[in-house]
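This report concerns only the one structure given below.
The values are calculated or read from the model by the stated rules, or taken from the named source; none is laboratory data. The shown structure was predicted, so the numbers you read here are calculated from the model rather than taken from an experiment. With ideal geometry, Cβ positions are generated from the backbone for all residues, glycine too; neighbour counts draw on all protein chains shown.
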Protein chains: 2
Amino acid sequence: MNFPPDPLLDQIALALVPGIGPKTQEKLLNIFGSASMVLRASSSEWRKVPGVGPKVVSGLRQAQSHEEAKAEWQRCVAAGVQLVARTDSQYPELLRQISAPPSFLYYQGALLPRDQQAIAIIGSRHATTYGLRQAERLAAGLARAGFTIISGLARGIDAAAHRGALEAGGRTIAVLGNGLGHLYPPEHGPLSKEIVQQGALLSENSFLTVPSKTTFPQRNRIISGLSLGILVVEARKRSGALITACHAVDQNREVFAVPGPIDREESEGCHQLIQDGAKLVTGVEDILAELTQWDFVSESNVETNPSQPEAGSFSKRTNEADTSRSRQSAPSRTRSKPAAPSTKTKSPPIPADASPEEKAILQAVDGEALFIDELPQKTGLSMPQLLPILSILEIKRQIKRVDGQKIVRYQA
Amino acid sequence: MNFPPDPLLDQIALALVPGIGPKTQEKLLNIFGSASMVLRASSSEWRKVPGVGPKVVSGLRQAQSHEEAKAEWQRCVAAGVQLVARTDSQYPELLRQISAPPSFLYYQGALLPRDQQAIAIIGSRHATTYGLRQAERLAAGLARAGFTIISGLARGIDAAAHRGALEAGGRTIAVLGNGLGHLYPPEHGPLSKEIVQQGALLSENSFLTVPSKTTFPQRNRIISGLSLGILVVEARKRSGALITACHAVDQNREVFAVPGPIDREESEGCHQLIQDGAKLVTGVEDILAELTQWDFVSESNVETNPSQPEAGSFSKRTNEADTSRSRQSAPSRTRSKPAAPSTKTKSPPIPADASPEEKAILQAVDGEALFIDELPQKTGLSMPQLLPILSILEIKRQIKRVDGQKIVRYQA
C-alpha cells in the first residue's frame, strides 16, 4: 500500500482525533501553523489551547503514530475515494476563498478545473411537483450552459437538481453531510453512482462519519463555497436552504430564488429571500444575465498597458466585493482610449471542446471588436440564440464586452 | 333644472368639443388659463394653437352656447351621476398631484376623504383560479385594514379585487375607460351597482363615451393616481397592468406584485416587475409594512417648533420623493431633542369609528410615548395581533413612531 506524504497523513490523523471539531481544529492550526506542527507539539503545549482537555491530548498523542490515518487511507483506497488537501492545486478554487475552508476533502469521481463554473441548486426535501420540475429544468439548462451543478444529494429538490444535470449530460457534485463510507439517504444509491460518473461525491467528513444534525449545517457552507451563486427552489421558512443562503451572502456569492404560489408554504422561504434581496429567477437566462453582467467602467487615470486592447475595466454591476478568482482575473488596468472596432489583434486558438455555435461566434469575433448586432448576420444565429451563448462564452472567458455593445476575444 | 355654475359648464363644454383630446385640452388650458378663458377667446386666437384646425374652431364656437354641456349635465342628473372639478376640495387629493390630472371627474356613488388611503389592485383579464383567489383575499384584507380598493372593473383580477373589498364590507372605486352612460363589460351590472353602494364608479370620459382602445391606457394613470401604491396580481408580459405600473413609478407610487409559478405566463409580468424593483407581496402585512415603514431621522439643524412633541422627522425608507400629501403632512420640522417616554401630552379624542383593538391601543398610548413592547401587557393583545393594527393606526395618522421603537399619539 502506498500511503500519502506525511503532511496529508498528519492532516487526516488530526481530523480523526475524537473530540476535535472544526473549531478546535481551526484553533490548533492557527496556533501551531499546520497539522504537522500540531502533531509535533508537546502535551503541555496542547493543554494551553482552550477547549483541549486530557481526552484530546491523549487522542493527539495517539494520532502521532499515523495508525488511524493509515487505516482511514486504506478504507478510502478500497472504496475508490480520493483526498485533496487545501494546499493542492486541484483543491476547488472558490472553496479555498471562504473563511475556514476544509483542510482536505474526500471525494469519489473527479474534480475538474471547469467545475469552478458552478452553481448550487438546493431546496426543500418535501418539495411539490412544481418545485421538482423547476429544479430539474433549471439544472438541465444550467448544465447545458456549462455550469457544474452543486447540491446535497438530499431527497426532493437536491435530487431533482442532480438528475437534471445528469440527464442534460452535464456535471454535478454532491456535497454530503456524512462520510463517503455511508450512503444517505439510502435510496440514492443509483443516483450517487451516476454522479460519480459525471462529477463527484464530496465530503469534508472522515470516511465513517454517520449522518447527523450537526454535520449537515456545516456541510452547507461547502455547497455555497464551491459555487458562484446558489439557487433556492422551494424552501420553507427556517429551513436548511436559508442557512445555505446566509453562507452564500457571507461568502459574497449571488443568491437566486424561484418564486411560487403565495399560498404554499413550500415557497415561503424563497419569497422571503427575494424580499431580502435575492434575485427572482424564472429561467436560466436570469442567472446567466446576472453572472455575466459586466459594466464598462471608463478609467482614465489608470496605468496604460499596451498589451490589453480593451478600453477600460469591467466590473460586475451587482457585487461590490467579488470573490470569484475567475472573475477577478479580468483586467483591471487597461488603456484609457476606446479600442476602434476594426483593431486587429491576435486571438488564442478556438478551444476544441467549443460547441458549433460557440465556434461560429469565436470565428466571427476573431481578431476584432464586433458590435453584438453584427453577430446574427455573421453567424447565421438569431439574437435569442446568440445571447445565452455569449453569456456562456463570457463566463468561460473566451470573450468579453467592451463599450457595452461590442465584444472582443481575449488576446493570445 | 338647476345647472352648475358657469366655470364647470365651461369645462364640460370644452371637454365635449369633438377633436379635442386630453393633449390639446391641456395645451389650450396652459395657453388661456382656464376653460372659461378658452371659450372667451376669439377664433383667430384659437387658430394660433398647434393642433387646432377649422373643425375644432367651429366646435369651440358652438361650445360657447353651453348647449351640449347642459344636455350632458341633464344626462348625468338623470343617471345619478355627479361631477367634481379639480378645483373642488372634494376632488381626490392624490390624483390632483399627478401630471395632467383630469379637469373634472364623473362619478356615481360617493368619494370620501378616507378614500385617499387607497391601494389599486389590478391584473390580467385572463386570470387563473390562483390569481383570482389572491386578488380577492388581498383586497379583502386591505379593505379590512381601512384601504379603499381602486381597480378598473375589468373581467378577471379587477372584478375579483372589487368583490373582495365589497365582501369584506370595505370601500372600492372602479375607474372606467368609458363614459358612465355605458356598462362595460356588460356582465358587470350587478357588481357595479354594489360598487356604487360602497364606493364609486368613476370616469374622466364624457357620459356617452364608448369603451375603446385609446381610452383604457389613458384611464390607467387615474387608477395609479388615486392610490398610494398599486398591487399587480397576475399580468402577462406587455399587458395593461404593466402600463399602470409605469404610471405608478412616474407618479412616485409604490409598486407591489404577487409572484406565482414560473411556468405560467399569467405571472410573467409580475415576475418582471419584481426583477425591476417592485416589492414581492405574499400577504397584506407586506404592503402595510412598506406603506408604514418610517425611519427616524434625527435633524439637529432644523428650526425648533415647540408645538411638535416628537424628536426628529420621519421619512419613508423606500421613496425618495414622496408625493402623498397625507404623508407629506407629517411634521418635517421638529425639535432636535428626543421626547422623554413619560412626557404627558394632550391627545385628541379617540375616533368613534375605531375598532375595539384600535381603541385599546389608543387608550394605552394616550398622552405618553410608549415602547411598542409594553403594548401587549397594556392592551391584552399579542404582538402578532398588534403589529398590523399599529400599521393601520399609523396610516390613519392616529399614532406615529418616535425613536424607532416608541409610539405616540398626535397632539390635539
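Six or more apart or on different chains, Cβ atoms under 6 Å: show the pairs whose first residue is in the stretch A:278-289 and within 8 Å of chain B (Cβ to nearest Cβ) and whose second is assigned to a loop (DSSP other than H, G, I, E, B).
A:Leu280/A:Pro259; A:Thr282/B:Ile262
I'd like the residue in the stretch B:95-107 that is at pLDDT below 95 and in contact with a strand residue (DSSP E or B) (Cβ under 7 Å, 6 or more places away or on another chain) and, out of all such residues, is surrounded by the most Cβ atoms within 10 Å (Cβ to Cβ).
Step by step, filter the stretch B:95-107, then rank; the result is B:Ser103.
So which residues in the stretch B:195-217 are surrounded by 16 or more Cβ atoms within 10 Å (Cβ to Cβ), within 25 Å of B:Val258 (Cβ to Cβ) and not small (Gly, Ala, Ser)?
Passing the criteria: B:Ile195, B:Gln198, B:Leu202, B:Phe216.
Mind listing just one residue for me: the one in the stretch A:124-153 that is among the hydrophobic types (A, V, I, L, M, F, W, C) and in a helix (DSSP H, G or I) and, of those, farthest from the other protein chains (Cβ to nearest Cβ)?
So, considering only residues that are among the hydrophobic types (A, V, I, L, M, F, W, C) and in a helix (DSSP H, G or I), the one farthest from the other protein chains (Cβ to nearest Cβ) is A:Ala143.
Regarding the stretch B:140-152, can at least one residue be identified that is at pLDDT 95 or above, buried (at least 24 other Cβ atoms within 10 Å of the Cβ) and over 15 Å from the mean Cα position of the chain (by Cα)?
No, the stretch B:140-152 has no match at all.
Any idea which of B:Val49, B:Val56 is touching a residue at least 24 places away in the same chain (Cβ under 8 Å), part of a loop (DSSP other than H, G, I, E, B), farther than 21 Å from B:Leu105 by Cβ and among the aliphatic types (A, V, I, L, M)?
B:Val49 is the lone residue from the list that is touching a residue at least 24 places away in the same chain (Cβ under 8 Å), part of a loop (DSSP other than H, G, I, E, B), farther than 21 Å from B:Leu105 by Cβ and among the aliphatic types (A, V, I, L, M).
Please pick out the residue among A:Ile98, A:Ile173, A:Ile150, A:Ile119 that is among the β-branched types (Val, Ile, Thr) and outside the structural domain of A:Arg219 (by TED's automatic domain parsing).
Matching residue, one of A:Ile98, A:Ile173, A:Ile150, A:Ile119: A:Ile98.
On the given criteria, is A:Ala78 of a type in the set (A, V, I, L, M) and closer than 30 Å to A:Thr148 by Cα?
Yes.
Among the helices (runs of 4 or more DSSP H) lying completely within the stretch A:343-412, list those that include at least 2 residues that are surrounded by fewer than 20 Cβ atoms within 10 Å (Cβ to Cβ), more than 27 Å from the chain's Cα centre (by Cα) and modelled with pLDDT of 75 or more.
In the stretch A:343-412, A:356-365, A:375-379 are the helices (runs of 4 or more DSSP H) which contain 2 or more residues that are surrounded by fewer than 20 Cβ atoms within 10 Å (Cβ to Cβ), more than 27 Å from the chain's Cα centre (by Cα) and modelled with pLDDT of 75 or more.
Anything in the stretch A:107-139 that is of a type in the set (Phe, Trp, Tyr) and within 16 Å of the chain's Cα centre (by Cα)? List them, or say none.
A:Tyr107
From the set of residues in the stretch A:1-27 that are small (Gly, Ala, Ser) and not in a helix (DSSP H, G or I), which is modelled with the lowest pLDDT?
Selected residue: A:Gly21.
Which residue out of B:Asp88, B:Asp115 is surrounded by 17 or more Cβ atoms within 10 Å (Cβ to Cβ) and of a type outside the set (Lys, Arg)?
B:Asp115
So which residues in the stretch B:108-123 are part of a loop (DSSP other than H, G, I, E, B) and either in contact with a Pro (Cβ under 8 Å, 6 or more places away or on another chain) or at pLDDT below 95 (or both), if there are any at all?
Scanning the stretch B:108-123 gives B:Leu111, B:Leu112, B:Gln117.
Look through B:Asn220, B:Asn252 and report the one residue that is outside any strand (DSSP E or B), under 15 Å from the mean Cα position of the chain (by Cα) and either within 14 Å of chain A (Cβ to nearest Cβ) or surrounded by fewer than 24 Cβ atoms within 10 Å (Cβ to Cβ) (or both).
B:Asn252
Anything in the stretch B:261-275 that is within 26 Å of the chain's Cα centre (by Cα) and of a type in the set (Asp, Glu)? List them, or say none.
B:Glu266, B:Glu268
Suppose we filter B:Leu28, B:Leu9 for residues that are out of contact with any Lys or Arg (no Cβ under 9 Å at 6 or more places or on another chain) and surrounded by 13 or more Cβ atoms within 10 Å (Cβ to Cβ); which single one remains?
It is B:Leu28.
Taking the criterion of being facing chain B (nearest Cβ under 10 Å) and either surrounded by fewer than 23 Cβ atoms within 10 Å (Cβ to Cβ) or of a type in the set (Val, Ile, Thr) (or both), would at least one residue in the stretch A:235-249 satisfy it?
No: zero hits.
Can you go through B:Arg144, B:Arg137, B:Arg133, B:Arg96 and tell me which one is of a type in the set (Lys, Arg) and in contact with a helix residue (DSSP H, G or I) (Cβ under 7 Å, 6 or more places away or on another chain)?
B:Arg137
Could you figure out which of (1) in a helix (DSSP H, G or I); (2) within 14 Å of chain B (Cβ to nearest Cβ) isn't true of A:Val232?
Condition (1) is where A:Val232 drops out.
Give me a count of the residues in the stretch B:45-67 that are surrounded by 19 or more Cβ atoms within 10 Å (Cβ to Cβ) and closer than 24 Å to B:Gly179 by Cα.
The total comes to 4.
Among all residue pairs at least 6 apart or on different chains, which show Cβ distances below 9 Å where the first residue, located in the stretch B:257-269, is free of Cβ contacts under 8 Å to residues at least 12 places away in the same chain and the second is among the basic types (Lys, Arg)?
Once the first residue is free of Cβ contacts under 8 Å to residues at least 12 places away in the same chain and sits in the stretch B:257-269, its partners that are among the basic types (Lys, Arg) give B:Asp263/A:Arg133; B:Asp263/A:Arg137.
Given A:Ala168, A:Ala200, A:Ala160, which one is under 20 Å from A:Gly225 (Cα atoms) and not polar (S, T, N, Q)?
On inspection, the qualifying residue turns out to be A:Ala200.
Can you run down the residue pairs with Cβ atoms below 7 Å, 6 or more apart or on separate chains, where the first is in the stretch A:199-216 and without any contact (Cβ under 8 Å) to a residue 12 or more places away in the chain and the partner is small (Gly, Ala, Ser)?
none
Suppose we filter the stretch B:264-275 for residues that are within 10 Å of chain A (Cβ to nearest Cβ) and out of contact with any Pro (no Cβ under 7 Å at 6 or more places or on another chain); how many remain?
Total meeting the criteria: 5.
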